[in-house]
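Participant: Dropping the structure in here first, questions after.
The values are calculated or read from the model by the stated rules, or taken from the named source; none is laboratory data. Note that the coordinates shown come from a computational prediction; the quantities given were computed from them, not determined experimentally. Cβ sites come from the backbone with ideal geometry, for glycine too, and all protein chains shown count toward neighbours. Please note that ligands, DNA and RNA were not included when accessible areas were found on the heavy atoms of the full protein model with its side chains. Shrake-Rupley method; radii C 1.70, N 1.55, O 1.52, S 1.80 Å.
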Amino acid sequence: MPYISTNPSNTSDVVAEIELGTSRDFVDAAQRAKAAQRAWARVPAPVRGQVIGNIGRLVEANFEPLSQLVTREIGKPIAEARGEVQEIVDTANFFVGEGRRLYGQTVPSEMADKQLFTFRNPVGVAAIITAGNFPVAVPSWYIIPALLCGNSVVWKPAEYSAASAQAFYDVFQAAGIPDGVFEIVFAEGSETYDGLEQSLRRGLVDKVGFTGSSEVGVRIGELCGRHLQTPCLELGGKNPMVVTEDADLDLAVQGALFAGFGSAGQRCTSLGTAIVHESVYDEFLTRFVEAVAGATVGDPTGDVLYGPLLDEKFALAYEKYLGWIGEHHAVHGPTGRISATSPRNGFTGENGFFYHPAIVSGVRDDDELFLQETFGPLVGVMRYSDLDEAIELGNKPGYGLSCSIYTTDPNKAFRFRAGISAGMVSVNNSTSGAEAHLPFGGNGKSGNGSRQSGVWVLDQFTRWQSMNWDYSGKLQKAQMDTLAIEANLDFRLA
């Protein structure tokens, strides 16, 4: 089945035409990956690290074309697209060295003439399914460590970022990855799910990594559970930002502007609700509304806060979220699609999926706007009176990906960190902004506790194996044939 990827800033601009595969294509790719994996695992880990180093250098050499392609295909502002491509380089640079640090441990035995060891072994074949809002950075978080650890990979990227995905794949292939070790499959959701189900049933896939919606993540988690596998799930977020009474309000507004509207609010770590202390609520809201009104929206090749929504299906979903605005809410500025009949000052876009930024105040804790992820340029604002209440509000939607607190009081910062359920906490910084050497991931509806990035992701793509080597020449039985040391435990000082 053909699929046409278009520029969301100019829907008449065709970026790529691809042929979508079937579940059979997914299974075939998994078979090729399975056949190639053992030979790749036998390549010494430091040498696999050299291949990862090659990837980093090749991405640097193709830095600007890849950045420009990301901007053209998904409408991400060019500054953010360059940051995304840099994330691949950072990830590769980090994991080059991990090829020499896939350490096990020598463990002392309780018996003489016996040694205990632990080893990290590759999982096998990793099936990676990613969204298109970060079409090259997020896949690198999975694929680079998976390859480094000796796994082979079958990657299913989002259709609407097909050109970016193909470019990413081509760069990786040029780094020296053997045939079959890294496979790419373009397919729509139901065919992918069917192919994954068949591959799991046939023992062709040993690990699943998924970035996408919480709803789909539940289905993938259930499927993997039937095969006694634990997937790596990185799902949606409803990320709170708490602004305390002692916060630097100008800094908080800057953080809310970037977190709420950078990438048009289409990040899993985008700001969902600003939870503001009642004593500074009015002042914060005034400054936030003013900052958003003065921000430039439009052509993502220029200096803009954000560009278009990713694709028509995301525009339609965002229209539904706007429908959750109720009579008790106050909306600050126009909402909906930017057009001749609904213009925006300073708008630089043309024929694309461009939407007004929406600030909605008066949000209540039983609103859909508060409880559900609203993937797009929409931020809710609500009051709180004490920090325990703010923490409770931050946890109530049931997501647990990212959060932030703006305060000048270290006590509040640490109380917030201890009480909030999110996997990632920022103090006086945006809810968005991952670094390649920190664990990334969430809890609750945001994920199953798995983590990407840094050394922590190695536990997703390796399995610990223990070995005991008894060279005593006799059978020594653990817990039974151990040396006993006599002690006088009745001794007391006079």
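Participant: May I ask you to give the percent of accessible area on the chain that is carbon plus sulfur, with a probe radius of 1.4 Å? Numbers along the way, then the final one.
Facilitator: On the way: 10820 of 21210 Å².
Carbon with sulfur: 51 percent of the solvent-accessible area.
Participant: Out of Gly433, Leu371, Ser402, whose Cα points farthest toward the positive end of the dipole of the range 354-457 (charges: +1 Lys, Arg; -1 Asp, Glu; placed on Cβ)?
Facilitator: Towards the positive end, the residue furthest out is Gly433.
Participant: A further question on this structure: Evaluated at 37 °C with a viscosity of 0.692 mPa s, what Stokes-Einstein diffusion coefficient in µm²/s does the range 250-301 have when Rh comes from the Kirkwood expression over alpha-carbon pairs?
Facilitator: 278
Participant: On to the next question. Below 8 Å, C-alpha to C-alpha, sequence gap of six or more: please give me the relative contact order for the range 150-206 in percent.
Facilitator: Relative contact order for the range 150-206 comes out at 45 percent.
Participant: From the helices alone, meaning DSSP H stretches of at least four residues, give me the mean residue ellipticity at 222 nm for the chain, per-run term -39500 (n - 2.57), in deg cm²/dmol to the nearest 500.
Facilitator: -11500 deg cm²/dmol, from helical runs alone.
Participant: Using a 1.4 Å probe and counting only protein heavy atoms, arrange Tyr399, Tyr3 so the residue with the most accessible area comes first.
Facilitator: Tyr3, Tyr399
Participant: Could I ask something else about it? What number do you get for the range 273-408 when its Cα radius of gyration is normalised by 2.2 N^0.38 Å, N = residues?
Facilitator: 1.10
Participant: I need the per residue convex hull volume for the range 396-484, using only the alpha carbons, in cubic angstrom as a whole number.
Facilitator: So the per-residue hull volume is 208 Å³.
Participant: Further, regarding this structure: Give me the percent relative contact order of the chain, please, defined on Cα pairs under 8 angstrom at least 6 residues apart.
Facilitator: In percent, rounded to a whole number, it is 19.
Participant: Moving on to the next point. Can you give the convex hull volume of the alpha carbon atoms of the range 19-111 per residue, in Å³? Kindly include the intermediate steps, with their values, before the conclusion.
Facilitator: On the way: hull volume 17.6 nm³, N = 93.
Given the Cα convex hull of the range 19-111, per-residue volume reads 189 Å³.
Participant: How many angstrom lie between the C-alpha centres of the range 155-197 and the range 53-110?
Facilitator: With the range 155-197 and the range 53-110 each reduced to a Cα centre, they are spaced 17 Å.
Participant: Per residue, how much accessible surface does the chain expose to a 1.4 Å probe? Answer in Å², no decimals.
Facilitator: Result: 43 Å² per residue.
Participant: Then there is this: With every protein chain left in place, what is the accessible area of Glu283 in Å² (1.4 Å probe, nearest 10)?
Facilitator: The accessible area comes out at roughly 80 Å².
Participant: I'd like the projected area of the range 127-205, averaged over all directions, using the convex hull of its alpha carbons. Report it in nm² with one decimal. List each step's numbers first, then the result.
Facilitator: Numbers: hull surface 20.2 nm².
Over all viewing directions, the range 127-205 projects a mean Cα-hull area of 5.1 nm².
Participant: Starting from the eigenvalues of the Cα gyration tensor, five times each then square-rooted, give me the equivalent ellipsoid semi-axes of the chain, largest first, whole Å.
Facilitator: 43, 32, 19
Participant: State the antiparallel share, in %, of DSSP beta bridges confined to the chain, rounding to the nearest 5.
Facilitator: Working: 25 of 62 bridges.
Around 40 percent of the beta bridges assigned by DSSP in the chain are antiparallel ones.
Participant: Report the accessible area of Arg287, computed with a 1.4 Å probe over the heavy atoms of all protein chains in place, in Å² rounded to the nearest 10.
Facilitator: Answer for Arg287: close to 80 Å² accessible.
Participant: Please list Glu373, Glu319 from largest to smallest accessible area, probe radius 1.4 Å, with all protein chains kept in place. Walk me through the numbers before you get to the answer.
Facilitator: On the way: Glu373 40, Glu319 80 Å².
Order by accessible area, largest first: Glu319, Glu373.
Participant: Of Lys114/Lys474; Lys76/Lys445; Lys156/Lys320, which sit over 19 Å apart, Cα to Cα?
Facilitator: Violating the 19 Å Cα-Cα cut-off are Lys76/Lys445; Lys156/Lys320.
Participant: With a Förster radius of 25 Å, plug the Cβ-Cβ distance of Asp459 and Glu188 into 1/(1 + (r/R0)^6) and report the FRET value to the nearest 0.05.
Facilitator: That gives a FRET efficiency of 0.20.
Participant: Further question on the same structure: Could you pull out every residue, at least 5 positions away or on a different chain, whose amide H is within less than 5 Å of the one on Ala16? Hs are placed 1.01 Å off N in the peptide plane, and Pro or chain starts have none.
Facilitator: Excluding prolines and chain starts, which carry no amide H, the hits are Ser5.
Participant: What per residue convex hull volume, in Å³, do the alpha-carbon atoms of the range 387-431 yield?
Facilitator: Numbers: hull volume 2.6 nm³, N = 45.
About 59 Å³ per residue, rounded to a whole number.
Participant: Same structure again: How large is the charge dipole for the range 81-152, taken about the Cα centre, if only the Cβ atoms of Lys, Arg (+1) and Asp, Glu (-1) carry charge, to the nearest 20 debye?
Facilitator: For the range 81-152, the charge dipole is close to 100 debye.
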